[in-house]
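Colleague: Dumping the structure here so I can ask a few things about it.
Please treat every number below as a calculation from the coordinates, not as lab data. Please read these numbers as outputs of a predicted model, since none were measured by experiment. Every residue, glycine as well, gets a Cβ built from its backbone with ideal geometry; the counts of neighbours run over all protein chains shown.
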Amino acid sequence: MNKLESPNHNFYDFKNDDNYEYKIKKGLSKDIVEEISNRKNEPKWLLDIRLKALEIYNQLELPVWGPDLSELDMDDISTYVKPKTDKKSTWEEVPEDIKNTFDKLGIPKAEHKYLAGVEAQYDSEVVYHSIKNEMQKYGVIYTDIDSAIKEYPELVKEYFSKCVPLTEHKFIALHYAVFSGGSFVYVPKGVKLELPLQSYYRLNSPESGQFEHTLIIVEKGASLHFIEGCSAPKYSKVNLHAGCVELFVKDDAYLRYSTIENWSKNMFNLNTKKAILENGAKVDWVSGSFGSKISMLYPMSVLKGDNSSTEYTGISFAGKGQNIDTGFKVVHIGKNTSSNIVSKSISKDGGVATYRSLVAVLESAENAKCSVNCDGLMLDSISKSDTIPVNSIENSNIVFSHEAKVGKISEDAIYYLTTRGLSENDAKALLVRGFASPISKQLPLEYAVEMNRLINIELEEVKKND
Amino acid sequence: MINIDQTPVYTCKNYGINNFAIDETLLAVKTTPYTNCKTNVESLKELKQLPQNSFSKELDNLTKQKNNFAKKIDIGKTNQQKEMIFDFEQNLVDVIEINIEKNIQSKIIIKYVSLKNVFHSATIKLNIGQNAKLDLIIFCDVQNVNANFLSMQINCDTNSQTLLHLFDFSADLTAHNVISNLAGDHSKFHFDSIYFGKNKDRINLNYQIKISGKECETKMDVLGVLDNYSQKNFVGTINFLKGSQKSVGEENEYAILLSDKAKSKATPILLCTEENVDGKHSSSCGKFDEDLLFYVKSRGITEADAKKLLVKAKLNKIISKIENVKVKEEVFEQIDKLF
């Protein structure tokens with residue numbers, strides 16, 4: 001009876017030949033780490049970080065909680081794949097197959113219509129980068145991380161790995177050992193970008209990993225909307241994504257960080273994202289997780305400064321063979337901080353959707369306000385939906401509430417809509433769209449091409465099966 | 001240190017919900033037979049096969065080796081009220097199994113009282129028969145006790161109804177591990193818990209409700225007050241297992257923080273492998289509404305009395321459900337003692 005289908009990943013499931021300039025041998029070792037660093041001609045301080053990270057990775061155990069990661073074997077993963085091109089500044093210069101890839105994904109079109117700047121990463125390197133001239137006039141820096149290390153070394157060194165330390169967990173240690181690619185953004189004081197910047201990550205090579213590092217600094221009073229998209233074709237063996245996002249949001253600055261993740265169903269997505277907020281800063285996270293075989297993704301805001309605030313709006317969809325373990329973490333440290341978390345998850349066809357979160361209000365966080373709302377929708381009896389929120393409160397002068405619901409689509413609501421002339425599948429599609437609307441509303445169509453397309457594809461599949 | 005937590009899911013250990021650890025020496029207690037239980041239960045029998053203590057193997061071993069009171073109660077007749085009062089000045093490791101036969105209704109109060117700095121571990125197993133009803137109050141007035149462990153396992157048969165009220169006016173270290181199995185179709189389990197923490201009390205509450213029967217209903221309300229440097233770690237799990245179609249589960253937790261140094265950790269967990277269910281939970285904590293406190297004081301009431309009034313009002317959601325007047329009064333007395 002229930003004919004709601006999972007998102008159509010076939011759209012993203014197109015492969016180019018594994019045509020690279022260089023693909024490092026599989027596995028993880030000191031030699032491999034040194035080779036990556038040498039190929040990039042990196043300064044010694046960065047090589048030292050890589051080697052330290054490798055040491056930490058080898059010492060740490062796999063987590064005993066969450067999805068089973070035992071299928072992941074680093075001996076089967078190539079951690080660095082250089083495509084047959086350097087970074088280009090026009091699409092015409094980008095090799096045909098890679099250009100076609102990003103054309104299909106709608107990136108050049110979006111750049112033309114809606115974006116202030118675009119970066120496109122293919123396997124382990126950035127292949128295209130552009131930024132509107134007026135941005136540069138205001139002193140905005142938007143470049144790939146490798147270029148930033150060379151062109152702005154002191155700035156990068158000041159912030160690199162200071163938000164997410166090497167010891168955070170095993171896969172961050174792995175990330176720091178083999179990272180390649182990613183974006184560096186610097187928005188000077190008082191500069192408010194009207195149009196967003198977007199980075200898109202495409203992993204084409206099989207049995208490989210993508211470990212991009214994104215570092216964003218938004219200075220006092222500045223404002224930025226950054227969009228991140230990602231996808232990969234499906235292979236029979238495991239691919240790995242262990243990226244890292246570090247966000248520094250200074251006094252009274254604003255950052256909106258939107259992610260639409262649509263990795264293929266062989267992907268292990270073990271990504272880490274964290275923001276540190278100073279006085280009066282605000283960070284809005286918008287997150288759509290539609291892909292990957294296993295996802296462990298918990299963006300985090302540290303409300304260090306007084307009057308800082310954060311909002312998280314996220315949706316995840318776990319279909320057949322998927323285990324999407326995601327949520328949000330917030331730590332209230334400063335006075336008068338606030339956080340608002342809204343999370344929706346949908347599971348069907350045996351998918352496992354888990355909401356896992358942390359709200360920590362430390363002793364210093366006077367007058368903190370926090371509200372959490374997480375809902376799980378199960379579309380059949382073979383799926384799973386779990387909610388595991390941890391709330392740790394150490395200050396009495398706060399306002400805190402958490403609520404969650406889990407269940408199926410209301411039979412009464414379906415019946416009501418069918419009495420209004422809708423088919424059962426149309427009714428279900430409408431209700432699922434309604435369930436997801438708090439998240440889809442956060443992203444205007446012109447900025448969230450990917451996310452709205454994925455939701456719409458899912459709902460179109462419902463109508464097709466009518 | 002030994003970890004005695006048995007939460008159903010693990011999280012990153014940095015979150016601290018899976019690492020309730022105690023010093024091994026705490027379990028090195030000596031016990032002598034306890035014969036001071038005041039009870040009007042006629043059908044008290046020796047308990048030969050001890051139920052498992054749900055905490056951990058260490059506490060299970062302690063229960064088997066050092067128990068000084070192990071009784072079984074078979075309730076075969078509908079009764080008004082049965083009581084078991086444990087007034088103890090020595091270490092007490094008690095084991096009680098209560099079997100309510102089908103179609104029987106029973107009300108039972110189990111009370112633990114001690115003013116001494118001693119050790120207490122209770123292992124209670126409840127079997128509620130088909131169509132039976134049990135209204136059980138467990139009252140722990142153990143504020144000087146150094147450790148108070150309460151392990152409970154509750155098995156609910158078809159159409160049974162269980163109301164469990166748990167009041168714990170905490171020891172230096174309090175730990176509850178309550179596991180309820182709603183395996184029978186149409187079974188109901190309503191669970192209320194009130195706790196008080198003061199001084200440097202550590203309170204660890206692990207409540208699990210597993211539902212596998214059809215059309216079951218469960219509700220868990222946990223309210224508490226934390227003062228001074230007390231700390232509480234609450235994990236409440238409602239687990240809708242396969243087969244629990246059309247079941248409904250609700251979990252609510254609220255902690256009043258009377259002091260800036262008190263710490264509250266709460267993890268309300270919802271696990272679901274069955275589509276056609278309705279599960280929800282809520283969790284909240286904070287201090288008194290300052291405006292409300294001011295309003296009450298402006299009516300000529302002292303600050304201490306105003307706070308007592310507001311605590312009683314907050315906890316009244318659970319207290320009002322108690323039919324036993326004496327127990328109700330004792331709960332109010334405990335609130336008065338806090339201030």
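Colleague: Which residues in the stretch B:105-126 have a backbone N closer than 19 Å to a point placed 7 Å from the Cα of B:Asn79 along the Cα-to-Cβ line?
Modeller: In the stretch B:105-126, the label zone of B:Asn79 (backbone N under 19 Å from the point 7 Å along Cα→Cβ) covers B:105-113, B:123-126.
Colleague: Can you tally the net charge around A:Tyr20? Count Lys and Arg as +1, Asp and Glu as -1, for every other residue whose Cβ sits under 9 Å from the Cβ of A:Tyr20.
Modeller: Values: positive: A:Lys23, A:Lys82, A:Lys84; negative: A:Asp18, A:Glu21, A:Asp123.
Neighbour charge sum, excluding A:Tyr20 itself: 0.
Colleague: As a test, work out the antiparallel percent of DSSP beta bridges whose residues both lie in chain A, rounded to the nearest 5.
Modeller: Numbers: 13 of 136 bridges.
The antiparallel proportion sits near 10 percent.
Colleague: Using θ = phi - 60° and the Karplus curve 6.51 cos²θ - 1.76 cosθ + 1.60, what whole-Hz ³J(HN,Hα) does each residue of the stretch A:58-68 get, with Gly and Pro shown as x?
Modeller: Taking θ as phi minus 60°, the curve returns 5, 7, 7, 8, 5, x, 8, 10, x, x, 6 Hz for the stretch A:58-68.
Colleague: Next up: Would you mind giving the average projected area, over all directions, of the Cα convex hull of the stretch B:14-118 in nm² with one decimal?
Modeller: Working: hull surface 35.6 nm².
Mean orientational projected area (the stretch B:14-118, Cα hull): 8.9 nm².
Colleague: If you plug each phi of the stretch A:424-431 into the Karplus form 6.51 cos²θ - 1.76 cosθ + 1.60 with θ = phi - 60°, what whole-Hz ³J(HN,Hα) values come out, in order, with x for Gly and Pro?
Modeller: 4, 5, 5, 4, 5, 4, 4, 6
Colleague: For the stretch B:176-335, just the Cα atoms, rotate onto the principal axes and tell me the three extents in Å, largest first.
Modeller: So the extents along the principal axes, rounded to whole Å, are 56, 32, 27.
Colleague: Taking the mean number of other Cβ atoms within 10 Å as a proxy for protection, how do you rank A:154-160, B:214-220 from highest to lowest?
Modeller: Values: A:154-160: 15.3, B:214-220: 20.9.
So the order, starting with the most tightly packed, is B:214-220, A:154-160.
Colleague: Where in the stretch B:318-338 does the label zone of B:Ser259 land, with the point 7 angstrom along Cα→C-beta and an amide N cut-off under 15 Å?
Modeller: Counting backbone N atoms under 15 Å from the label point, the list is B:338.
Colleague: If amide hydrogens are placed 1.01 Å from N in the peptide plane, which non-local residues have theirs closer than 5 Å to the one on B:Lys214?
Modeller: B:Asp185, B:His186
Colleague: If you don't mind, another one. Under a point-charge model restricted to the Cβ atoms of Lys and Arg (+1) and Asp and Glu (-1), what is the dipole moment magnitude of the stretch B:197-265 relative to its Cα centre, in debye to the nearest 20? Let's see the in-between values first.
Modeller: On the way: 12 positive and 9 negative charges, 63 e Å.
It works out to roughly 300 debye.
Colleague: How high is the FRET efficiency from A:Leu155 to A:Glu21, r the C-beta distance, R0 30 Å, rounded to 0.05? Mind showing how you got there, number by number?
Modeller: Working: r = 29 Å, r/R0 = 0.97.
For A:Leu155 and A:Glu21, the calculated efficiency is 0.55.
Colleague: Inside 10 Å of the C-beta atoms of B:281-290, what's the mean count of C-beta atoms belonging to other chains? Before the final figure, lay out each step's value.
Modeller: Numbers: counts 8, 7, 10, 9, 9, 10, 5, 1, 1, 1.
Neighbouring Cβ atoms belonging to other protein chains average 6 per residue here.
Colleague: Among B:Phe86, B:Ile108, B:Asn155, pick out the residue whose Cα is farthest towards the positive end of the charge dipole of the stretch B:82-183, where Lys and Arg carry +1 and Asp and Glu carry -1 on C-beta, about the Cα centre.
Modeller: Result: B:Asn155.
Colleague: To continue, here is another question. On average over all directions, what projected area in square nanometres does the protein assembly as shown have, based on the convex hull of its Cα atoms? Each step should come with its number before you reach the end.
Modeller: Working: hull surface 145.6 nm².
Over all viewing directions, the protein assembly as shown projects a mean Cα-hull area of 36.4 nm².
Colleague: Over chain B, what relative contact order in percent results from Cα pairs under 8 Å that are six or more residues apart?
Modeller: Values: 925 pairs, mean separation 32.6, N = 339.
Relative contact order, chain B: 10 percent.
Colleague: In addition: By how many nm would the segment from A:Lys104 to A:Phe14 grow when fully extended, if each residue of separation counts as 0.36 nm and the alpha-carbon distance is taken off?
Modeller: Values: separation 90, 0.36 × 90 = 32.40 nm, distance 0.95 nm.
Here the answer is 31.4 nm.
Colleague: Once amide H atoms are built 1.01 Å from N in the peptide plane, which residues 5 or more positions from A:Asn391, or in another chain, come under 5 Å H to H?
Modeller: A:Val359, B:Ala266, B:Thr267
Colleague: Considering only B:Pro268, B:Tyr15, B:Gly76, whose Cα is most displaced toward the positive end of the charge dipole of chain B, charges sitting on Cβ of Lys, Arg (+1) and Asp, Glu (-1)?
Modeller: Farthest towards the positive end: B:Gly76.
Colleague: Specify which residue in the list A:Ile98, A:Tyr355, A:Ala120 is farthest towards the positive end of the charge dipole of chain A, using unit charges on the beta carbon of Lys, Arg (+1) and Asp, Glu (-1), about the Cα centre.
Modeller: Positive-end residue among those listed: A:Tyr355.
Colleague: Determine ³J(HN,Hα), in whole Hz, for all residues of the stretch A:310-327 in sequence, where each value follows from phi through the Karplus function 6.51 cos²θ - 1.76 cosθ + 1.60 and θ = phi - 60°; x replaces Gly and Pro.
Modeller: For the stretch A:310-327, the Karplus-derived couplings read 8, 10, 10, 10, x, 9, 9, 10, 10, x, 4, x, 9, 10, 9, 10, 9, x Hz, x marking Gly and Pro.
Colleague: Still on this structure, please answer the following. Under 5 Å between amide hydrogens, which residues at least 5 positions from A:Ser339 or on another chain qualify, with H placed 1.01 Å from N in the peptide plane?
Modeller: A:Thr310, A:Lys369, A:Cys370, A:Ser371
Colleague: Taking 0.36 nm per residue of separation and subtracting the Cα-Cα distance, what length does fully extending A:Leu69 through A:Ser29 add?
Modeller: Value of the extension gain: 12.4 nm.
Colleague: Within a 10 angstrom radius of each residue's Cβ in A:376-388, how many Cβ atoms of other chains show up on average? Whole number is fine. Spell out each step's value before the answer.
Modeller: On the way: counts 3, 1, 7, 1, 2, 8, 4, 4, 6, 9, 8, 10, 14.
That works out to 6 on average.
Colleague: Now for a different question. Please give the Cα centre distance for the stretch A:277-297 versus the stretch B:179-219, rounded to the nearest Å.
Modeller: 33
Colleague: Quick one: length gained pulling A:His112 to A:Gln59 fully straight, 0.36 nm per residue minus the C-alpha distance?
Modeller: Numbers: separation 53, 0.36 × 53 = 19.08 nm, distance 4.69 nm.
The span from A:His112 to A:Gln59 would gain 14.4 nm if fully extended.
Colleague: Report the calculated FRET efficiency for A:Ser147 and A:Glu363 (r = Cβ-Cβ distance, R0 = 51 Å), to the nearest 0.05.
Modeller: Working: r = 42 Å, r/R0 = 0.83.
Result of the calculation: an efficiency of 0.75.
Colleague: Taking K and R as +1 and D and E as -1, what net charge do the other residues with C-beta under 12 Å from the C-beta of B:Leu182 add up to? Spell out each step's value before the answer.
Modeller: Working: positive: B:Lys188, B:Lys210, B:Lys214, B:Lys219; negative: B:Asp157, B:Asp185, B:Glu215, B:Glu217.
That sum, taken over residues with Cβ under 12 Å, equals 0.
Colleague: Follow-up question, since we're still on this one. Would you please classify the overall shape of the stretch A:40-83 from the alpha carbon gyration tensor, given that a ≥ b ≥ c denote the square roots of the eigenvalues, rounded means a/c under 1.5, and beyond that prolate means a/b larger than b/c while oblate covers the rest?
Modeller: On the way: a/c = 3.39, a/b = 1.54, b/c = 2.20.
Oblate shape, in that a/c is at least 1.5 and b/c is the bigger or equal ratio.
Colleague: Another question, if that's okay. Please work out the FRET efficiency for the pair B:Ile2 and B:Lys337, using the Cβ-Cβ distance as r and a Förster radius of 25 Å; give the result to the nearest 0.05. Present the calculation step by step, with values, prior to reporting the outcome.
Modeller: Values: r = 33 Å, r/R0 = 1.31.
Once rounded, the FRET efficiency stands at 0.15.
Colleague: For the stretch B:12-161, give the magnitude of the charge dipole about the Cα centre (Cβ charges: +1 Lys/Arg, -1 Asp/Glu; no others), in debye to the nearest 20. If you can, show how the numbers build up before the last one.
Modeller: Values: 18 positive and 16 negative charges, 44 e Å.
Approximately 220 debye in magnitude.
Colleague: Magnitude of the Cβ-charge dipole of the stretch A:298-449, K/R +1 and D/E -1, about the Cα centre, nearest 20 debye? Could you put the intermediate results ahead of the total?
Modeller: Values: 15 positive and 16 negative charges, 37 e Å.
In debye, rounded to 20, the stretch A:298-449 gives about 180.
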